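Here is the structure we will look at.
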Amino acid sequence: MAKIVYSADSTCDLSRELIEKTGVSVIPLTVILGENSYHDGVDIFPEDIYSYVSKTGILPKTSAASQYEFSEHFKKLLSANPGCDVLHFSLSDQLSCSYRNAAAAAEELSSEAGKIYVIDGRVLSTGTALLLLKAQDLEN
């Protein structure tokens, strides 16, 4: 069995400490606040979003990573981890096109350096994180 590299979109809401501890590679979704766009977990964090909503009363909008962005993310993982497979956990297909974009990228790349499996978490936020953490636990 190939070694598994774990990946998730940023809606899994893993803390920075847990991301470092578990080695999960996170691809950010875009958070839109007013006229400005940010990469979730890169240049904007939950506390920033809460503050914005508290001050303005305006809820943020989000945008999924594109198929191209997922392709680049998966290529980097496969390149950095030769012979490994990627197990990517996604926000529910019912809530976003994130899963579909990740699945399309995975289908395009899976035959190259390793296999990429995309899991539809069928939930939002912490539910996806719990699935990912359980998968890591089962592997060990």
Can you tell me the order of 39-52, 84-97 when each peptide is scored by its average per-residue count of other Cβ atoms within 10 angstrom, highest first? 84-97, 39-52
Could you give me D for segment 23-83, from Stokes-Einstein at 37 °C and 0.692 mPa s, where the hydrodynamic radius is the Kirkwood radius over C-alpha pairs? Units µm² s⁻¹, please. 251
Please give the helix 67-80 orientation as an angle from the longest Cα principal axis of the chain, in degrees from 0 to 90, rounded to the nearest 10. 50
Max mean-square fluctuation residue, GNM over the chain, Cα-Cα springs under 10 Å, options Ala80, Ala103, Ala129: Ala80
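Let me make sure I get this right: for segment 77-140, a, b and c are the square roots of the gyration tensor eigenvalues over alpha carbons, sorted descending. Under 1.5 in a/c it's rounded, otherwise prolate if a/b > b/c, else oblate. Which is it?
Since a/c reaches 1.5 but b/c is at least a/b, the shape of segment 77-140 is classed as oblate.
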For the chain, what proportion of DSSP beta bridges, expressed in % and rounded to the nearest 5, is antiparallel? 35
Mind checking Rg over Rh on the chain, alpha carbons, Kirkwood formula for Rh? 0.98
Expressed in angstrom and rounded, the centroid-to-centroid distance over alpha carbons for segment 87-140 and segment 60-83 is 11
Lys pairs, segment 1-127 - Cα-Cα below 29 angstrom, 8 or more residues apart or on other chains: 11
Candidate cut points under GluC sites (Glu not before Pro) in segment 83-140, DSSP loop plus at most 14 other Cβ atoms within 10 Å of their own Cβ, are Glu112
Does anyone have the angle between helix 98-109 and the longest principal axis of the chain? Alpha-carbon axes, 0 to 90°, nearest 10? 30
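Bear in mind these aren't lab numbers, they're just calculated from the coordinates by the rules spelled out. Just so you know, these numbers come straight off a predicted model, no measurement behind them. Please note: Cβ atoms are built from the backbone with ideal geometry, for glycine as well, and neighbour counts cover all protein chains shown.
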